[in-house]
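The values are calculated or read from the model by the stated rules, or taken from the named source; none is laboratory data. In this text the structure is predicted, and so the values were computed from the model without any measurement. Positions of Cβ are generated from backbone atoms using ideal geometry, with glycine treated the same way; all protein chains shown enter the neighbour counts. These accessible areas exclude ligands, DNA and RNA; they are computed on the full protein's heavy atoms, side chains included. Shrake-Rupley method; radii C 1.70, N 1.55, O 1.52, S 1.80 Å.
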Amino acid sequence: MIDTPYISVAVALPVQKAYAYGLPEQFRSACSPGVRVLVPFGRKRVTGYILSGRKSCGGFTIKNILDVLDDHPLFPESEIPFFQWISDYYLHPLGEVIKSALPSGLESHDESCLFVTEKGRAAFIDKMLTPGEEEIIEFVQKRDPAKLKQLFKTSRNPSVHALVRRMEKQDLVTVSYVLKKDGATTRTEKFILFQKEPEPTLPMSKKREKLLMLVKQKKEMSLTSLKAVIPTAPSLVKPLSDAGFIKIIQRQVFRDPLGDPVEPDTPPVLTPEQTAVVKQVQNVSDNGFSAFLLTGITGSGKTEVYMRLVLDVIEKGKKAIVLVPEIALISQTERRFRARFGERIAVIHSSLSKGELLDQWRKIALNKVDIVIGARSAVFAPFENIGIIVADEEHDTSYKQETGLRYNARDLAVVRGKLNQCPVLLGSATPSLQSYQNVVLKRFEELKLESRINRNPLPEITLVDLKKYKDGRPDQRIITPELSKAIRQCLDKGDQALIFLNRRGFATFPVCRDCGKALTCRFCDITMTLHKGHNEYRCHLCGYGRPVDTACPECKSKKIRPLGFGTEKVESMLKERFPDARIARMDQDSTSKKGAVIKILKTIRNRTVDIVVGTQMLAKGHDFPSITLVGVICADLSLSLPDFRAGERTFQLLAQVAGRAGRGETPGKVIMQTYNPDHFIIEASRKQDFLEFFQNEAPFRKALMYPPFSRMTQLKIFGSNAGKVKEYAETVAKILRDLLENEGTFRGGVQILGPAEAPIQKISSQFRWQILVKSPSSSLVNRLVKSTLAHPEVKPKSDVGLSVDVDPYFLM
């Protein structure tokens with residue numbers, strides 16, 4: 001409760017500071033930090049988040065809040081410094097940081113909507129309008145309300161803005177604000193409570209007698225559970241309630257996104273290595289913040305270590321956050337934690353519906369759970385008394401958000417642990433260079449698990465040189481005789497095989513046979529990919545599709561040759577070569593529907609599939625004891641990308657996918673096909689030796705001053721006009737260099753690279769340029785970029801956009 005006359009509010013708009021609002025007496029008992037309020041902002045009404053109370057308004061004229069939108073705080077007051085840190089570091093407005101942290105759909109704001117006047121209707125009926133005006137009236141009459149933004153987006157009339165203004169002046173239409181309510185709401189359900197017995201002499205149907213008997217036995221029942229026994233229950237409860245025999249109440253219920261019930265497990269005996277790691281963390285857990293990096297080979301039992309440490313903090317009355325990079329991994333982790341800890345677990349990830357996500361968030365905020373398991377957004381879970389934060393597979397790029405607030409959840413886990421004075425444990429068999437450099441600099445403490453739980457050795461990895469087959473049959477360059485023979489042996493033993501290729505689709509380079517031009521996307525600078533299952537060519541950046549019988553845009557020939565290959569083609573070839581095998585494919589295309597990921601993982605776990613073909617979704621963290629063979633179709637795919645992290649990602653991906661083999665009783669085998677068997681990254685992957693990789697890669701990074709030996713911020717400039725984008729990029733770069741040259745506070749090793757066209761020059765009809773700013777000092781880069789954004793010449797433009805990516809991962 002806030003008892004001050006004013007409050008400080010962060011609004012969900014691109015503005016940097018918080019604003020003061022008056023707090024009328026009638027709202028004070030319902031207001032506290034973390035509660036949403038509806039506030040006037042300019043001529044609109046928007047959502048705001050209460051940060052604190054204020055005793056004065058600094059002599060300014062203050063507007064009052066209009067409404068309180070929550071019955072309890074959506075985040076604790078202790079989380080506000082965390083949001084402020086994120087806003088400062090990632091150069092992102094505080095209100096939009098909080099909006100990004102909360103479940104989607106929790107935002108009320110005014111939208112400009114178009115309405116037809118009486119004069120407009122009459123003119124439309126009497127055919128007194130131009131074709132353009134008729135089109136706008138028809139658009140409005142088909143929608144209620146008709147959003148102005150939607151009209152401008154869908155209309156093909158280039159003068160639509162001016163036309164709407166003219167029609168408004170002529171009183172044919174009117175533009176008004178309409179309040180858009182929350183897209184996600186809580187769910188309520190009717191519950192039936194027993195009140196009293198009916199008189200014995202009172203005549204009553206058998207169904208009503210049965211209903212009363214059931215409710216009396218249970219004392220209360222939901223209407224849904226009553227319907228399962230008596231289908232006509234909804235029509236029976238009203239007269240019984242009117243007679244006073246039962247009482248009907250509405251109660252909030254939580255939607256359950258968890259999977260099938262799981263059997264409770266018995267904690268296994270820890271290995272000596274696991275015991276030592278658990279004790280090391282427990283010894284400092286009460287001393288405040290500590291950061292640990294848990295390294296070790298695949299299959300060494302990191303998850304059991306996490307569970308023991310989580311149990312320890314829960315027994316002390318504290319909470320735990322467990323981050324996993326992929327939604328596909330959440331199912332496995334959630335099942336293991338539920339088997340150990342029961343139902344006091346919440347899950348947070350983007351595959352949940354808005355309602356499910358809101359329910360999970362409310363359960364956390366209302367202190368109904370002890371553990372949160374989720375993808376990157378789970379780092380914002382509204383816990384107050386955090387005992388430990390775990391980030392599994394900490395190296396994974398999925399922890400980096402690439403739109404809106406471009407945060408890295410792994411880094412934020414460390415920041416939140418520091419602010420909450422609790423241990424943070426990052427785990428990976430293939431740690432990121434950034435985290436391992438923190439070990440070298442003594443910022444993190446390294447913990448090691450150097451042997452597999454079942455004492456089995458790491459899988460035997462065989463390199464197959466694809467250059468041997470450059471003149472052979474095309475199918476031999478995809479599935480070599482060595483891999484084909486290994487798959488047959490695996491199937492004959494009744495084991496499972498995983499075939500890995502980090503490229504989806506059937507043919508990835510369609511080319512016209514007549515003119516030689518590649519079939520490219522209309523809106524992006526990349527070639528399209530043939531997807532045979534959908535019978536179309538598809539762009540993997542914007543989703544644009546062309547029918548499979550499309551003609552060449554250059555010469556109109558229908559002779560398109562599908563070159564290249566992806567997971568869909570590999571699946572097709574395996575079905576031809578091994579007709580007796582049950583084959584499944586797991587990639588972004590086959591898992592786009594809700595529940596598809598869990599369904600495929602179940603088939604692997606239940607051994608109803610023999611060969612699974614997959615992309616990187618299958619490469620990380622999964623524990624499939626029956627997979628004894630892993631085949632890597634082409635180990636070099638990502639090695640030559642124009643990105644300084646290409647080698648690191650390749651090593652991590654290869655070492656991780658190789659680690660899926662031999663996790664059960666049977667030793668594993670890996671066939672790795674490559675054109676560069678002598679490359680140090682391929683060799684380090686074959687040995688599963690991270691230290692060898694680090695010692696070879698780190699000197700290159702240091703010589704070129706790339707992370708982790710510098711801090712980097714990327715300025716992305718984009719727009720639909722190529723000339724204006726280039727001009728604006730050059731203006732921003734000039735201001736950066738002028739500030740660097742003229743202000744002594746920025747001197748100290750800051751480098752500005754660019755402006756330059758992005759490697760992928762156009763995505764979704766947006767031309768793209770970029771500027772990189774790097775320095776050993778993150779604060780120098782931050783202040784320089786912040787000063788640049790505040791410069792009058794870098795103010796927002798309607799036709800050119802500028803976004804800031806601190807610690808960027810995607811440089812394409």
Can you pull out the residues in the stretch 362-386 that are within 22 Å of Ala339 (Cα to Cα) and not aliphatic (A, V, I, L, M)?
Lys363, Asn367, Lys368, Asp370, Gly374
Out of (1) surrounded by 20 or more Cβ atoms within 10 Å (Cβ to Cβ); (2) out of contact with any Gly (no Cβ under 9 Å at 6 or more places or on another chain); (3) part of a helix (DSSP H, G or I), the odd one out for Ile487 is which?
(2)
Quick check: anything in the stretch 376-387 in a helix (DSSP H, G or I), open to solvent by less than 30 Å² (accessible area, probe 1.4 Å) and among the aliphatic types (A, V, I, L, M)?
yes
Answer yes or no as to whether Ser428 is open to solvent by 10 Å² or more (accessible area, probe 1.4 Å), hydroxyl-bearing (Ser, Thr, Tyr) and under 18 Å from Gln274 (Cβ atoms).
no
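Which one of Ser290, Ser285 is polar (S, T, N, Q), modelled with pLDDT of 90 or more, open to solvent by less than 40 Å² (accessible area, probe 1.4 Å) and over 25 Å from Arg605 (Cβ atoms)? Working first, answer last.
Numbers: Ser285 fails: modelled with pLDDT of 90 or more.
Going through Ser290, Ser285 in turn, the sole match is Ser290.
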How many residues are more than 30 Å from Gly95 (Cβ to Cβ) and touching a residue at least 40 places away in the same chain (Cβ under 8 Å) if we restrict to the stretch 109-140?
6
Near pairs, Cβ below 6 angstrom, 6+ apart or cross-chain, from the stretch 58-71 (open to solvent by 70 Å² or more (accessible area, probe 1.4 Å)) to any residue that is part of a loop (DSSP other than H, G, I, E, B):
Asn64/Pro24
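Mind listing whichever residues of the stretch 588-602 are under 30 Å from Gly516 (Cα atoms) and open to solvent by less than 20 Å² (accessible area, probe 1.4 Å)? Reasoning before the result, please.
So in the stretch 588-602, the residues under 30 Å from Gly516 (Cα atoms) come out as 588-589.
Result: no residue meets the conditions.
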Considering only residues that are part of a strand (DSSP E or B) and of a type in the set (A, V, I, L, M, F, W, C), look in the stretch 576-590 and name the one that is farthest from Ile327 (Cα to Cα).
Ile583
Against the condition of a type in the set (Lys, Arg) and buried (at least 20 other Cβ atoms within 10 Å of the Cβ), how does Lys99 come out, does it pass?
yes
Among Thr713, Thr666, Thr650, Thr674, the single one that is β-branched (Val, Ile, Thr) and farther than 25 Å from Met812 by Cα is Thr666
Within the stretch 74-96, can one find any residue that is of a type in the set (D, E, K, R) and part of a loop (DSSP other than H, G, I, E, B)?
no
Under the condition of being part of a helix (DSSP H, G or I) and either free of Cβ contacts under 8 Å to residues at least 40 places away in the same chain or over 21 Å from Glu393 (Cβ atoms) (or both), which residue from the stretch 591-606 is nearest to the chain's Cα centre (by Cα)?
Ala596
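If we keep just the residues of the stretch 511-523 that are assigned to a strand (DSSP E or B) and open to solvent by less than 30 Å² (accessible area, probe 1.4 Å), which is farthest from Asp589 (Cα to Cα)? Walk me through it before giving the result.
To start, the set of residues in the stretch 511-523 that are assigned to a strand (DSSP E or B) comprises 511-512, 518, 520.
Retained after the next criterion (residues that are open to solvent by less than 30 Å² (accessible area, probe 1.4 Å)): 511-512.
On the way: Val511: 23, Cys512: 25 Å.
Looking at the filtered set, the residue picked out is Cys512.
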Residue pairs within 9 Å by beta carbon, gap of at least six or interchain, first lying in the stretch 244-267 and assigned to a strand (DSSP E or B), second modelled with pLDDT under 85 and open to solvent by less than 60 Å² (accessible area, probe 1.4 Å), listed first then second, are Gln250/Glu189; Arg251/Glu189; Gln252/Thr186; Gln252/Glu189; Gln252/Asp359; Val253/Thr186; Val253/Glu189; Val253/Asp359
Within the stretch 762-812, count every residue that is of a type outside the set (S, T, N, Q), part of a helix (DSSP H, G or I) and within 29 Å of the chain's Cα centre (by Cα).
5
Give just the number: which of (1) in contact (Cβ under 8 Å) with a residue 60 or more places away in the chain; (2) touching a Ser or Thr at 6+ places or on another chain (Cβ under 9 Å) does Ser78 not satisfy?
(2)
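When the residues of the stretch 102-118 are narrowed to those that are closer than 16 Å to Gln170 by Cβ and among the aliphatic types (A, V, I, L, M), which ends up most open to solvent (accessible area, probe 1.4 Å)? Full working, then the answer.
Going through the stretch 102-118, the residues closer than 16 Å to Gln170 by Cβ turn out to be 114-118.
Filter again for among the aliphatic types (A, V, I, L, M), leaving 114, 116.
Details: Leu114: 4, Val116: 20 Å².
Looking at the filtered set, the residue picked out is Val116.
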In the stretch 283-331, the residues that are among the charged types (D, E, K, R) and within 19 Å of Asp411 (Cα to Cα):
Glu326
